[in-house]
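Computed from the coordinates by the stated procedures, all read-outs in this text should not be read as laboratory data. Please read all numbers here as calculations on a predicted model, not as lab measurements. Backbone-built Cβ (ideal geometry, glycine too); neighbour counts: all protein chains shown.
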Amino acid sequence: MTYRYEKNVQTMNRASKVIPSGVYGHLGPAEGCMIPSSAYPNFITHAKGSEMWDVDGNRFIDFMCGYGPNVTGYCDPDVDAAAQKQIALGNCTTLPSHVMVDFAELLTDLVHKDWAFFCKNGGDVTSFAIMISRYYTGKKKIIFVNNYYHGVAPWTQHPDTPGTLYDDCKNALYVNWNDVEGLKKTIEENKEDIACFIATPYMHGNFVDNELPAEGYWQAVRKLCTDNGIILIVDDIRAGFRLSLEGSDTYFGFEADLITFCKALANGYNVSALCGKDFLKSAASTVPYTGSYWMSAVPFAAGIANLTKLKENNACAHFEAMGKRLTDGLLKTAGELDVPLIVSGPPALFYMRIEDEIGNFLLHQEWVAECVKRGVFITNHHNHFLNLSMTPELIDEAIEICSEGMKVMVNNHPEVFKK
Ligand SMILES: Cc1ncc(COP(=O)(O)O)c(C=O)c1O
């Protein structure tokens with residue numbers, strides 16, 4: 001039996017009348033990330049731990065974790081209790097609560113940086129990092145690594161993106177991941193103009209196999225940046241606190257000048273952070289940057305409880321173990337069925353793709369849809385996430401469901417799977 005989505009469809013019909021695209025961005029069907037849309041639910045009623053229930057009452061084991069924020073588990077009792085306690089004391093107040101300082105102390109200590117600046121979303125802090133770099137260096141160009149995603153601000157886009165101008169992108173330079181020689185050449189050709197190099201700690205682009213840094217890559221990048229007065233920004237919005245609680249620069253053995261955090265910072269309470277080295281603190285104080293909700297206390301209190309819980313439970317080792325158990329199980333089924341499943345990236349943030357003879361990903365898309373219709377929420381375009389509430393039993397249940405989905409996909413394609 002596969003899931004039916006009558007109430008989801010009704011709710012989507014209502015939504016599309018009053019909300020652009022019904023559900024906007026990649027979480028909705030319009031961007032084409034969830035194809036066929038008939039396989040996917042659109043709205044939930046509630047979530048707990050690692051599971052969510054849609055408006056039709058279907059239950060899903062969720063390996064997208066809100067695309068990152070669910071890190072201790074949905075409705076985590078400890079994080080929610082800290083938030084509730086702070087709600088009773090005040091949230092968005094004229095003067096910030098002292099918990100902002102408590103949070104900054106905890107965070108800077110954990111990630112080995114000298115200061116922390118809080119905003120709401122990932123894009124807020126990547127934008128601030130660019131502004132600080134430009135102000136400090138007096139230079140304008142930004143080096144990006146292809147397949148990047150740093151938010152939706154115009155400076156992150158390409159000129160052909162709707163709503164973006166050519167002028168918004170004219171200071172962008174592009175290099176390939178793990179290509180030190182290409183980076184050297186780009187720096188040489190633009191020597192007087194480069195403010196910063198921004199990259200995620202490993203290449204976790206969408207729709208492509210994810211790539212870890214080659215031996216010595218980050219150390220070479222660090223040296224090139226130092227030698228050429230370029231600010232090194234690590235965008236740890238997605239991978240932060242999933243590989244290491246000390247920041248992914250520490251995990252890969254180098255030191256960023258600026259590092260951004262967001263998704264796993266407060267288990268879904270809305271706060272992001274830019275952390276930096278002392279030499280950039282004065283610039284961070286000078287560039288005008290603030291927002292109506294940026295000093296609200298509830299997310300800070302939740303963040304303190306969240307990071308404390310992650311630390312006490314050795315969370316990153318758990319993510320790695322659960323990710324490995326799941327992907328090993330799926331690779332075993334794939335091996336038995338002769339399905340060319342490729343798993344890439346670190347186990348804590350695994351990316352999957354079924355290789356296809358003609359180089360598209362229709363078989364992969366079909367397998368993922370069969371899994372979703374049976375109660376395992378994975379996606380066909382993005383890395384996945386684990387959380388602290390996941391158990392080996394839950395992982396094994398997911399392997400069983402996804403293996404059944406794989407068998408259905410194989411049976412639908414005798415022309416590909418001849419055995
Ligand atoms: C690496 C990275 N940078 C930046 C962002 C943007 O964060 P936000 O959507 O919170 O603005 C994301 C979001 O997925 C991300 O994964």
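Between 0 and 90 degrees, the angle of helix 392-411 with respect to the longest Cα principal axis of the chain falls at about 60 degrees. Once you sort the root eigenvalues of the Cα gyration tensor of the range 348-387 as a ≥ b ≥ c, which label holds: rounded (a/c under 1.5), prolate (a/b larger than b/c) or oblate (the other case)? Judged from the Cα gyration tensor, the range 348-387 comes out oblate (a/c at least 1.5, b/c at or above a/b). Running Debye on the range 131-177 with equal point scatterers at the Cα sites and no solvent, what base-10 log of I(q)/I(0) appears at q = 0.18, 0.20, 0.28, 0.30 Å⁻¹? Evaluating at q = 0.18, 0.20, 0.28, 0.30 Å⁻¹ gives log10 I(q)/I(0) of -0.57, -0.70, -1.15, -1.21.
Under 1.5 on a/c is rounded, so check that first for the range 229-289, then, if it is not, pick prolate when a/b is larger than b/c and oblate when it is not; a ≥ b ≥ c are the square roots of the alpha carbon gyration tensor eigenvalues. Before the final figure, lay out the partial values.
Numbers: a/c = 2.71, a/b = 1.24, b/c = 2.18.
The shape class here is oblate.
Translational diffusion coefficient, Stokes-Einstein: compute it for the range 249-328 using the Kirkwood radius over C-alpha pairs as Rh, at 25 °C and 0.890 mPa s, and state it as an integer in µm² s⁻¹. Spell out each step's value before the answer.
Details: Rh = 15.1 Å.
Approximately 162 µm²/s, per Stokes-Einstein.
Among DSSP beta bridges lying fully in the chain, give the percent that are antiparallel, nearest 5. Please list the in-between numbers first.
Numbers: 22 of 39 bridges.
Approximately 55 percent, going by the DSSP bridge assignments.
Counting only alpha carbon atoms, the long axis of helix 362-372 and the longest principal axis of the chain meet at about 80°. Rounded to whole numbers, the Karplus 3J(HN,Hα) couplings from phi for the range 326-342 are 5, 6, 4, x, 5, 5, 5, 4, 4, x, 5, 9, 6, 9, x, 7, 10 Hz, using 6.51 cos²θ - 1.76 cosθ + 1.60 with θ = phi - 60°, and x at Gly and Pro. Taking other Cβ atoms within 10 Å as a rough exposure proxy, LYS332, LYS113 sort from fewest to most as LYS332, LYS113.
With angles folded into 0 to 90 degrees, how steeply does helix 180-189 sit against the dominant principal axis of the chain? Use alpha carbons for both and round to 10. Tilt of helix 180-189: around 40 degrees. Distance cut-off 23 Å, Cα to Cα: go down the list LYS85/LYS277; LYS48/LYS407; LYS263/LYS309; LYS48/LYS309; LYS48/LYS373; LYS277/LYS324 and report the pairs above it. Among LYS85/LYS277; LYS48/LYS407; LYS263/LYS309; LYS48/LYS309; LYS48/LYS373; LYS277/LYS324, the Cα-Cα distance tops 23 Å for LYS85/LYS277; LYS48/LYS407; LYS277/LYS324.
Pairs LYS113/LYS141; LYS281/LYS311; LYS141/LYS311; LYS223/LYS332: which are spaced more than 31 Å apart, C-alpha to C-alpha? Don't skip to the answer; put the middle values down first.
Numbers: LYS113/LYS141 25 Å; LYS281/LYS311 27 Å; LYS141/LYS311 38 Å; LYS223/LYS332 42 Å.
The pairs that break the limit, which is 31 Å between Cα atoms, are LYS141/LYS311; LYS223/LYS332.
Considering only alpha-carbon pairs that sit under 8 angstrom and 6 or more positions apart, the relative contact order computed for the chain is 22 percent. Over the chain, dividing the summed -39,500 (n - 2.57) contributions of all DSSP H runs of at least 4 residues by the number of residues returns a 222 nm mean residue ellipticity of -12000 deg cm²/dmol.
Projected onto their three principal axes, the Cα atoms of the chain cover extents of 62, 55, 44 Å, largest first.
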